[in-house]
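Some notes on the structure that comes next.
The values are calculated or read from the model by the stated rules, or taken from the named source; none is laboratory data. None of these values were measured; they are calculated from a predicted model. With ideal geometry, Cβ positions are generated from the backbone for all residues, glycine too; neighbour counts draw on all protein chains shown. Side chains are part of the model used for accessible areas, which takes the heavy atoms of the whole protein and leaves out ligands, DNA and RNA. Shrake-Rupley method; radii C 1.70, N 1.55, O 1.52, S 1.80 Å.
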Amino acid sequence: MGEILKVDDIHVYYGSIHAVKGVSFEVNEGEVVTLIGANGAGKSTILNTVSGLLHPKTGSVVFEGRDLKGVAPHKIVEYGLAQVPEGRHIFQQMSVEENLQMGAYTQLNATVEPGIADVYERFPRLAERRRQIAGTLSGGEQQMLAMGRALMSRPKLLMLDEPSMGLAPILVEQIFDIIRELHSAGTTILLVEQNAQAALSVADRAYVLETGRISLTGTGAELMASDAVRKAYLGG
Ligand SMILES: Nc1ncnc2c1ncn2[C@@H]1O[C@H](COP(=O)(O)OP(=O)(O)O)[C@@H](O)[C@H]1O
Ligand SMILES: [Mg+2]
């Protein structure tokens, strides 16, 4: 399995706030890798740095052997890296289908329709609601739409920022079932979550992030069994 993403010793600041303090990790082709950590640990800061929305003061982000330093976010999407942001950020006033079309802006016209068909196959719920205004969807459906929209760019690496946030347990389960299906279909995924239980259950490998630093790493199963992780993140 080839390495698709390599993050090396990144330091990220908001003004004088040192949010990410020397984080390194990698994602290999076909893997689901998760970064778990409490609110404020730096998870979103890391994803936003990988997707080019934030810039590390030092350290590097290399995607498929290409250093992303100074590369614009839309270019990074073209390279094959798509992010589903925390809070979903779908286009509330547009229909489901229009949201999906927006996700295809890096694609040639000819591939848009087949892309939409693929998304509807993966998310039958969205097919049923294709004409519905996105802002009127339930939280779980909005998450599916945000994921579908990201998949429209046919990413080589899909980054998900807290897909379970604000969802009822049954919907969390549905979203994680979809993550498992995407994994089986060969999609490479970088997932950040506060919901450690759910994230570790789908992850090949995992990193624990504490106040801007990685404190532990291992397979999903290893971390699920670790005393430190159980105590801090899995309720004992
Ligand atoms: N726009 C911002 N301005 C200043 N500080 C921020 C900003 N966004 C995040 N932070 C701070 O950076 C740290 C990491 O935040 P974040 O990456 O959002 O954490 P997480 O996604 O793990 O909850 C926190 O201390 C947070 O308060
Ligand atoms: Mg966050």
- Computed ³J(HN,Hα) along segment 28-33: with the Karplus parameters 6.51/-1.76/1.60, θ = phi - 60°, integer Hz and x for glycine or proline, the list is 9, 3, x, 7, 9, 10
- Running Debye on the chain with equal point scatterers at the Cα sites and no solvent, what base-10 log of I(q)/I(0) appears at q = 0.09, 0.10, 0.13, 0.17 Å⁻¹? -0.36, -0.44, -0.76, -1.29
- Note on the structure: Scoring only Lys, Arg, Asp and Glu (+1, +1, -1, -1) among other residues with Cβ under 9 Å from the Cβ of GLU162 yields -2
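Which trypsin sites (Lys or Arg not before Pro) does segment 112-152 hold that lie in a coil by DSSP with at most 10 other beta carbons within 10 Å? Let's see the in-between values first.
Numbers: sites: ARG122, ARG125, ARG129, ARG130, ARG131, ARG149; in loops: ARG129, ARG130, ARG131.
Answer in residue order: ARG131.
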- Non-local residues with an amide H under 5 Å from the amide H of ILE4, with H modelled 1.01 Å from N and Pro and chain starts lacking one, are VAL27, ASN28, GLU29
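Net charge within 11 Å of LEU200 by Cβ-Cβ distance, Lys/Arg positive one each and Asp/Glu negative one each, not counting LEU200 itself?
Details: positive: ARG205, ARG230; negative: GLU193, ASP204, GLU222.
That sum, taken over residues with Cβ under 11 Å, equals -1.
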- For the pair ALA38 and GLN93, what calculated FRET efficiency results from E = 1/(1 + (r/R0)^6), where r is the Cβ-Cβ distance and R0 = 30 Å, to the nearest 0.05? 0.30
- Using θ = phi - 60° and the Karplus curve 6.51 cos²θ - 1.76 cosθ + 1.60, what whole-Hz ³J(HN,Hα) does each residue of segment 164-173 get, with Gly and Pro shown as x? 8, 4, x, 9, 5, x, 5, 6, 4, 4
- Note on the structure: Under 5 Å from the placed amide H of ARG213, counting only residues 5+ away or on other chains, we find LYS21
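Quick one: which of 213-222, 108-117, 3-12 comes out on top by average Cβ neighbours within 10 Å, and what's the full order, highest first? Present the calculation step by step, with values, prior to reporting the outcome.
Numbers: 213-222: 15.6, 108-117: 12.5, 3-12: 18.7.
The densest-packed peptide leads the list: 3-12, 213-222, 108-117.
Would you mind checking LYS6/LYS43; LYS6/LYS57; LYS6/LYS231 for any pair whose Cα atoms are more than 20 angstrom apart? Numbers along the way, then the final one.
Values: LYS6/LYS43 16 Å; LYS6/LYS57 16 Å; LYS6/LYS231 30 Å.
Among LYS6/LYS43; LYS6/LYS57; LYS6/LYS231, the Cα-Cα distance tops 20 Å for LYS6/LYS231.
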- Task: Rounded to whole Hz and in sequence order, give me ³J(HN,Hα) for segment 43-59 from the Karplus expression 6.51 cos²θ - 1.76 cosθ + 1.60, θ = phi - 60°, writing x for Gly and Pro.
- Result: 4, 5, 4, 5, 4, 5, 6, 4, 7, x, 7, 10, 10, x, 6, 9, x
- So, for the Cα atoms of segment 195-236, Rg and Dmax in Å stand at 9.3, 24
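Counting only protein heavy atoms, what percent of the accessible surface of the chain is carbon or sulfur at a 1.4 Å probe? Don't skip to the end; give the middle numbers.
Values: 5480 of 10770 Å².
Of all accessible area on the chain, carbon and sulfur atoms account for 51 percent.
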